[in-house]
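Inspection log for the structure reproduced underneath, given as structure tokens.
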Amino acid sequence: LIKPFLLSSIAAILSLITSTNRPVWVRNRTAGQNFWATAESFDDDQWKAQFRVSRATFDYLVELIGPAIKRRRTNYRVPIEPRRRLAITLWWFARSGEYRSIADMFGVGIATVCIIVRQVTVAIVERLYRRFVSLPSGQRLDDTIRGFRQRRYPQCAGAIGGTHIPIAPPRDNPEHYLNRRGWHSVILQAVVDHDVRFTDVYAGWPGSTSSATVLRVFQKSLLSDGVEIPLHLIGDASFPLKPWLMKGYGEPHQLSPEQRRFTFALASARSVVDAAFTRLKGRWRCLLKKSDIDVSMMPRVVAACCVLHNVCQQRGDGFLPEWSFETDPSGNYLVQPETEEYEGDAYCTAEVIRHAITYDLLAVLQS
């Protein structure tokens with residue numbers, strides 16, 4: 001009886017030892033950490049060239065979202081610190097490179113890069129969107145109206161426009177995402193102020209959708225010279241003419257001098273939209289290329305990039321000329337669909353308002 005008892009006791013002890021000291025295999029990644037360690041010693045110009053923001057802006061972003069992207073330490077490994085998490089995400093935003101190359105550069109796993117990009121993107125949107133992207137009101141609204149007036153256009157609260165963001169063909173209803181150029185996209189529709197900052201962002205509609213369908217706007221009014229002149233947005237020919245949304249006249253060869261002047265003034269003031277989209281896509285080139293990120297995640301990626309754009313604009317973190325994709329000879333970027341003119345306009349109150357601006361307010365402003 002003693003021998004079986006001893007054997008069973010030994011077996012129990014061995015079982016306990018092996019269950020509590022089971023080895024954990026963790027792949028040790030150190031090669032990519034050399035780049036990150038080197039990056040921390042970059043001078044300001046090198047840092048901005050790599051991460052598309054100044055070191056001061058980067059540190060500011062870490063301060064704002066660091067607590068949201070910090071992970072707890074476990075018994076198995078030391079968590080990736082918030083600074084490296086943000087750096088990985090900005091690198092992906094700036095280049096939309098392959099996950100494998102980013103993983104090698106930063107010393108993490110490929111799946112980890114995917115997870116980090118999504119987690120940091122969500123943190124930027126949830127923590128910073130309402131703080132940095134909002135329609136102007138109060139003093140900001142007064143400044144916006146004054147800013148557009150200095151651009152020779154009156155009563156304007158913002159310029160609205162849209163652009164297509166490339167995506168990989170989605171599994172569900174891919175034909176809905178085909179735009180007029182024949183490639184898959186989601187639409188970013190945004191309102192921009194006089195300082196080239198986004199004040200309203202709406203992204204995610206399939207590329208086949210018209211600007212009029214996507215339209216999201218706001219409305220305020222102001223009386224002027226007997227005609228109610230609403231405080232309004234300005235848009236291009238793809239938008240409907242509304243009391244709160246003015247656009248230029250069509251058929252330029254048949255316009256009066258005053259109508260041509262109005263159309264030119266509106267287009268000139270509206271150029272802030274094109275400038276905003278150029279800076280947004282030039283800095284964050286993930287919005288220029290088809291990425292393998294799921295289409296359901298793209299609206300958050302677009303919104304996060306718009307937030308980062310506004311942070312840079314607000315902090316004076318300038319856009320470098322070499323980032324402009326429009327002058328990049330090596331960039332084989334997808335051509336945007338041509339503007340589809342909205343044809344549902346009819347004579348209405350909006351036409352009366354446009355006439356009043358054309359022949360009264362604009363003449364006074366430009367005299």
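The values are calculated or read from the model by the stated rules, or taken from the named source; none is laboratory data. In this text the structure is predicted, and so the values were computed from the model without any measurement. Neighbour counts are summed over all protein chains in view; Cβ atoms, including those assigned to glycine, are modelled from backbone coordinates with ideal geometry.
Quick notes
- Residue in the range 112-122 that is surrounded by fewer than 17 Cβ atoms within 10 Å (Cβ to Cβ), part of a helix (DSSP H, G or I), over 18 Å from the mean Cα position of the chain (by Cα) and not aromatic (Phe, Trp, Tyr) present: yes
- Residue count, the range 94-139 (criterion: among the charged types (D, E, K, R) and either touching a His at 6+ places or on another chain (Cβ under 7 Å) or free of Cβ contacts under 8 Å to residues at least 40 places away in the same chain (or both)): 4
- Members of the range 279-316 that are modelled with pLDDT of 95 or more and polar (S, T, N, Q): Asn310, Gln313, Gln314
- Residue check, Val307 touching an Asp or Glu at 6+ places or on another chain (Cβ under 8 Å), of a type in the set (A, V, I, L, M) and assigned by TED's automatic domain parsing to the domain that holds Lys242: no
- Qualifying position, being hydrophobic (A, V, I, L, M, F, W, C), out of contact with any Asp or Glu (no Cβ under 8 Å at 6 or more places or on another chain) and modelled with pLDDT under 95, among Ala203, Ala123, Ala168: Ala203
- Checked against the criterion of being within 24 Å of Lys289 (Cβ to Cβ), out of contact with any helix residue (DSSP H, G or I) (no Cβ under 7 Å at 6 or more places or on another chain) and surrounded by 21 or more Cβ atoms within 10 Å (Cβ to Cβ), the range 80-94 has no qualifying residue.
- Index of the failed condition, Val62 passing every other in (1) among the β-branched types (Val, Ile, Thr); (2) at pLDDT 95 or above; (3) in a loop (DSSP other than H, G, I, E, B): (3)
- A single member of Ile102, Ile110, Ile116 is over 19 Å from Ala203 (Cβ atoms), of a type in the set (A, V, I, L, M) and touching a Ser or Thr at 6+ places or on another chain (Cβ under 8 Å), and it is Ile116.
- Scan of the range 262-292 for residues that are of a type in the set (Phe, Trp, Tyr) and assigned to a helix (DSSP H, G or I), ordered by number: Phe262, Phe264, Phe277
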